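Here is the structure we will look at, set down as structure tokens.
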Amino acid sequence: MTTRLPQRSVIAASWQRARSSGLEPTDRPDPVLTDVSSADPLLDAARPVLARAAETLNGTPTALLLVDHQSRMVARVSADATLERRLADAGAVSGAAFHEGAMGTTALGTTAEVRGDVVINGAEHYLEQFRSLSCFGQPIIHPSTRRVAGILCMTQVSAHLNPLSVPLVRGVVNDIAERLLSRSHSDHRLVIAAFEQAAERRDTAVAAIGDDLQLSNALAAQLLAPADFGTLRLLVEQDDRPPAITLVSGVVVDVHADRVPTVAHAAVFRLRPRLEDLPPAELIHTPPPAAQTATTVAICGEPGTGRSTRAFQVVPRDAATVVDVPGALLDGTPLDLAATLRLARGRGQGVVIDGADLLDDHALRLLQTAIGARTPAEPPIVIVTGPADSLSPSASALIARCRRRTTMPPLRQRTTELAALGQQLLHSREPKFELGTDAADALVSQEWPGNLAELAMVLGEAADNAQSRGSRTVDVADLPDGYRSSSRASRLLGLEQAERLAIVEALETAGGNKSNAAKSLGISRTTLYARIRALGIRS
């Protein structure tokens, strides 16, 4: 097995990413196939260009491979039967995923990762099954959107790439891009026509999204901030769209969406604000009214979801006796809960026990007794723990005794609120800051294992970067490295989103142990690895 990293930095970095995804150089992964009908616009633009290129390549052991913006194979052109069989055996078939987590270092997946031209000579491929081939890949940049529409790769049986391949690939890519631009103009006309028809009623807020188009009537313009279009773009591909979304302003709007026929990635939205919508501060900070009056409250959720903030809105910090269980354990400070509860009662203060699920069974039973004895005349006891389904039996029994329980959802379950949350965090830092559309798109695409705490850290750095260049708009380039790209996760359809969430939560419950996660999901470990790669899950 090859373990030594290649000398070229771009290839070495790609090998490290492939290895971290669970691939080994000797693996021969089965292709992960998905429906690529959404790539029809790219294929329609590329088909006649590839046909002309095939005539040029006739008689040579060379092939052209085309993947879409999600690194899924949509076309393979070659006049060499032996190479055709070799590529098919290696998984280069329609619908196969070719991102680095699926197929390692290739001129398809690596080009998509670096968003630039990449030459990969035979031995530089991560998987041994590709090392008899040399390739050159170039991204196809849509002339209007400036987004990657796909990747074109020329591959040949050779230890080193023939340099004459490069100008041929560049010419093919340019021709495909020109055809995409021509089609884009036609699509624009269809989106505009659908928008104008929907906007005939002046009492409805109407917005439209196309690949490189954003439209809104007067009412929608009053509702929508630039970052809200990132949320709408997220909804375009979803079949099971939520009935409502939270805008950057904090307003909750009911959403009805109609796709534009024959146009990919386009929809017209009708938006209706809810009368009971909440002010933006309530997105993160305000507890439910019921929790404010309860004598015992359990607040459950992952770290960073705002658990402690919520607790101090039930019992203000200056009126609370606080037990910081993680801090005490790290410092080695002994905890005397009985004495702490007596002291708080003597002061007439409420009690916040942060990280209660880290207490031992004896302390948890003591807390159960204290909660059971709490009277309505006394200030509240607030118990802060991890997610309810991850608690020990003793901790579960403790929160079950509380009169009220609040669950703080993880950020990955709040994708339609992400733009609003991001805008609110920026405003809390500087009221004049705005979250740009591309930045909102990138935020929606991330995993956010650190939840709100991670989001706040990322936006804090982004705000500093925007401020240093004299701008009040946080753009995608202001985000830290690793947060700037849109991953496959943000473009999954509804069922895939649900499957992805189930796998992520199973992995978290199993502490990252894939065998246990596969068992809990009722699938094989091999299937789990395949779905992790296909759904873009970081593991």
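A few notes on this one:
- Prolate/oblate/rounded call for the stretch 306-358, Cα gyration tensor, a/c under 1.5 rounded: oblate
- Rounded to 10°, Cα long-axis angle of helix 418-429 versus longest principal axis of the chain: 60
- Estimated FRET transfer efficiency when R0 is 45 angstrom, pair D89-T509 (beta carbons, to 0.05): 0.75
- Prolate/oblate/rounded label for the stretch 24-95 (Cα gyration tensor, a/c 1.5): oblate
- Cβ-Cβ FRET estimate between V114 and R472, R0 fixed at 41 Å, reported to 0.05: 0.85
- Note on the stretch 1-117: with charges restricted to the Cβ of Lys and Arg (+1) and Asp and Glu (-1), its dipole about the Cα centre is near 360 debye.
- Most to least packed among 82-89, 413-420 [average Cβ atoms within 10 Å]: 413-420, 82-89
- Structure-based [θ]222 nm, the chain - -39500 (n - 2.57) summed over DSSP H runs of at least 4, per residue, nearest 500: -12500 deg cm²/dmol
- Rounded if a/c under 1.5, otherwise prolate or oblate - the stretch 1-153, Cα gyration tensor axes: prolate
- Estimated inter-spin distance, T262 and D464, nm [label 7 Å along Cα→Cβ]: 5.2
- Between the beta carbons of S390 and E24, assuming R0 = 22 Å, the FRET efficiency works out to 0.10 to the nearest 0.05.
- Fraction of antiparallel bridges per DSSP, the chain only, in percent to nearest 5: 70
- Counting 0.36 nm for each residue step from A54 to D203 and taking away their Cα separation leaves a gain of 48.2 nm.
- For the stretch 50-134, a simple Cβ point-charge model (Lys and Arg +1, Asp and Glu -1, everything else neutral) yields a dipole of about 140 debye relative to the Cα centre.
- Listed residue (S37, V260, P25) projecting farthest to the positive dipole end of the chain, Cβ model: P25
- Segments 384-390, 164-170 sorted - mean Cβ within 10 Å per residue, highest first: 384-390, 164-170
- Placing +1 on each Lys and Arg Cβ and -1 on each Asp and Glu Cβ, with no other charges, gives the stretch 81-173 a dipole about its Cα centre of roughly 280 debye.
- Farthest toward positive dipole pole in the chain [+1 Lys/Arg, -1 Asp/Glu at C-beta], among V474, G436, P273: P273
- Packing, taken as the mean count of other beta carbons within 10 Å per residue, orders the peptides 465-475, 222-232 from highest to lowest as 222-232, 465-475.
- Where (1) 25.4; (2) 30.1; (3) 28.6 are the candidate values, the label of the one calculated here for mean projected area of the Cα convex hull in nm² is (3).
Just so you know, all these numbers are worked out from the coordinates, no wet-lab data involved. Only a predicted model underlies this, so the values are computations on that prediction, with no experimental measurement involved. Don't worry about glycine lacking a Cβ; one is built from the backbone with ideal geometry, like all the others, and counts go over all protein chains shown.
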